[in-house]
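Here the structure is laid out as structure tokens; the discussion comes afterwards.
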Amino acid sequence: MFITGYAVMAGAAERLVLGYDSFGNICGRKNTPVKGAPLSGQDMSNKKYVFFLNSCSLELQSLKISSVSLCVSSCPQEQLNSLEDLQSFARNNGSCLCVYNLNVSSYTLNPKAAELCPTLPVPPSKSFPLLNRCVPQNPECYSKYASVLISMVNEMDVFHRILSGILAGRDTVIGLSVLALAFSSILVLAFRFIRTLLVHTLIALVVFGLLLVSGVLWWLYYDYRNDPSTELETQKENVKFLLGYAIFSTIVTVVLLSLMLVLRKRLQFTVQLFRIVGKIIGRIPFLLFQPLWTFLILIAFWVFWVAVLLSLGTAGTAQATSGGQVEYRALSGICYMAWYHFVGLIWTSEFILACQQMTIAGAVVTCYFNRNKNSPPPHPVLSSISVLFCYHLGTAVKGSFLITILRIPRIVLLYLYNILKQKESACAKCLFKCCFCWVWCQESCLRYFNQHAYTTTAINGTNFCTSAKDAVCILAKNSAKLASISCFGDFILFLGKVFVVCFTVFGGLMAFNYHRELQAWVVPLLLVGFFAYLMSHSFLSVFEVTADAMFLCFAIDMETNDGSAEKPYFVDQELLTFVSQSNKLTEGQKHRSARPFQDNGDGTELQPMV
């Protein structure tokens, strides 16, 4: 809360993208006065462009352009050779190119007009799409102007370049997020009514998407690398990131294609699994709406998070200098606050997803342990939400916090790896790659056990640590039988997430590639990919959590009941048949005559509940 309040009070994100003049006014909005600057605090709502009085001979001093800058409503399209031309342009276009305190009628009469107006002749210019600057079109002036602007962008720190890229592409990011939402919604409906043909179609689309994205990334990398106009630091960073993305995408493509080839024989079991899961969801239809609420909450949080981040990036104090001009001085320690804020993004996002998982798990548990399968309990989703908020928020906080703790080392390892990459230390790079993979595997395992801990909490009502211990014990006893059943279903769901990310990232590549100038667009693209994955995970986790909760309930059902008349099992015939057939396929020919799943110690065979 302290970070949020401080960022909102001290930041002005509009300065990054809208631009501001030499007197502390942000172009394109109303402004508040700055003490000691009489020309500050003006209404610039209709003046959206930054115009430099001396655009043909700019100089850069301490990341600041020496020329006086003004907010104007339009840039001069033709060359202006005299004060009379400036006066005529102001009257015809409503755009005053002289300092604000000089009246238009005094352009030709005031003896100080030459100091308060732009250097003559004023070259023709047009607005630049990113920074809203009036860029001169005269070749000689443009060359000097561009060199100064390139130097200014290159000397900006990476944090501010990324913020500029996010702000410049904010409309594209929003559009791509909506596209990811549409893909996720379509997949949810598809998995609800899944058929064998749909599974094959999904796999074909995922293969096509992986090959397409990998090919486009390699093509863009070679295109950027061989582009002779690559001078900006942002463009050089784009080339480095594109190479990393292309390599990563290629590796993922090869791995996933190999897994698809190995697991192709289990497609029919996957269809049957999703039919059983769909049957449970059919009893609790409101589960399909759960991702929508999660999505809306995530969007609200992400918008809030980005707004605070942009405010942090522009946090500073406006100080008047000699001549009534204003300078913005950045405050120290902002980068540390930004890292703290980034940790908050991961933790809060994981907490929101954990709440959804607990809600789904609670509803599935209520439905599974209901004796009368034809009469499901009323309002299981609302009941699960109520129990979550009354008793188990701490469980969601602890689980999401553990995921966050394991994600931070991954970020640190990536940062150190990028440093070592410049020093060309092969052994160190290999070591960091191994550490990164190990941390990633640990995070995946923890996420898996967290999910089962949430289900155990919904069953027993115990705290996180106790539930995690019980879940580990149950999974250890039944891991060989349950893992093979749910593994391929989770893999198909993961392919669904890959489908959403691939086609969203492809749309982002095409959209961002049209605006190369001064944009660190690769980082916003990574943000889009992260948002697309979280959206698809939020939607498809309905089936993932339902399946995992169902199998954990099945294992606990075996542990606590003996199949007798006094303690009958809760499992129904369809699930029992599926588990039996799946285990026979896994165990091979020598176990085909084995009993359906597991015999209890007293010899009672597992029977479905009638």
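The values are calculated or read from the model by the stated rules, or taken from the named source; none is laboratory data. Predicted, not measured: the structure shown is a model, and the values here were computed from it. With ideal geometry, Cβ positions are generated from the backbone for all residues, glycine too; neighbour counts draw on all protein chains shown. We work out accessible area using only protein heavy atoms, side chains counted, and drop any ligands, DNA or RNA first. Shrake-Rupley method; radii C 1.70, N 1.55, O 1.52, S 1.80 Å.
Every residue in region 29-38 that is in a loop (DSSP other than H, G, I, E, B) and either surrounded by 20 or more Cβ atoms within 10 Å (Cβ to Cβ) or among the hydroxyl-bearing types (Ser, Thr, Tyr) (or both), please. Spell out the reasoning first.
Filtering region 29-38 for residues in a loop (DSSP other than H, G, I, E, B) gives 29, 31-33, 35-36, 38.
Within region 29-38, Asn31, Thr32 qualify.
Out of region 548-562, which residues are part of a helix (DSSP H, G or I) and open to solvent by 10 Å² or more (accessible area, probe 1.4 Å)? If the condition is that a residue be part of a helix (DSSP H, G or I) and open to solvent by 10 Å² or more (accessible area, probe 1.4 Å), then Ile556, Met558, Glu559, Thr560 are the ones that fit. Of all the numbered requirements in (1) at pLDDT below 80; (2) open to solvent by 40 Å² or more (accessible area, probe 1.4 Å), Ile459 misses one, and that requirement is (1).
Ala354 meets the stated requirement of being in contact (Cβ under 8 Å) with a residue 40 or more places away in the chain, in a helix (DSSP H, G or I) and touching a Gly at 6+ places or on another chain (Cβ under 7 Å).
Among the residues of region 428-446, at least one is buried (at least 19 other Cβ atoms within 10 Å of the Cβ), of a type in the set (Phe, Trp, Tyr) and modelled with pLDDT under 90. The single condition among (1) in contact with a Lys or Arg (Cβ under 9 Å, 6 or more places away or on another chain); (2) part of a loop (DSSP other than H, G, I, E, B) that Asn101 does not satisfy is (1). Just one of (1) more than 32 Å from the chain's Cα centre (by Cα); (2) among the β-branched types (Val, Ile, Thr); (3) at pLDDT 80 or above fails for Ile65. It is (3).
Pairs meeting the criteria (first residue in region 90-109 and closer than 18 Å to Cys75 by Cβ and touching a residue at least 60 places away in the same chain (Cβ under 8 Å), second residue open to solvent by 10 Å² or more (accessible area, probe 1.4 Å) and part of a helix (DSSP H, G or I), beta carbons under 8 Å, at least 6 apart or on different chains) are Val99/Leu116. The conditions of being part of a helix (DSSP H, G or I) and either open to solvent by less than 30 Å² (accessible area, probe 1.4 Å) or under 22 Å from Ser22 (Cα atoms) (or both) are met by Leu86.
The residues in region 1-14 that are part of a helix (DSSP H, G or I), at pLDDT 50 or above and either surrounded by 19 or more Cβ atoms within 10 Å (Cβ to Cβ) or not charged (D, E, K, R) (or both) can be counted, and the count is 1.
Kindly establish whether Ala476 is farther than 15 Å from Val545 by Cβ, open to solvent by 30 Å² or more (accessible area, probe 1.4 Å), assigned to a helix (DSSP H, G or I) and modelled with pLDDT under 70. When the stated conditions are applied, Ala476 does not pass them. Only one of the listed residues (Phe89, Phe51) is at pLDDT 85 or above and closer than 23 Å to Gln325 by Cβ. That residue is Phe51. The set of residues from region 479-530 being in contact with a Lys or Arg (Cβ under 6 Å, 6 or more places away or on another chain) and either at positive phi or at pLDDT 65 or above (or both) comprises just one member, Phe488.
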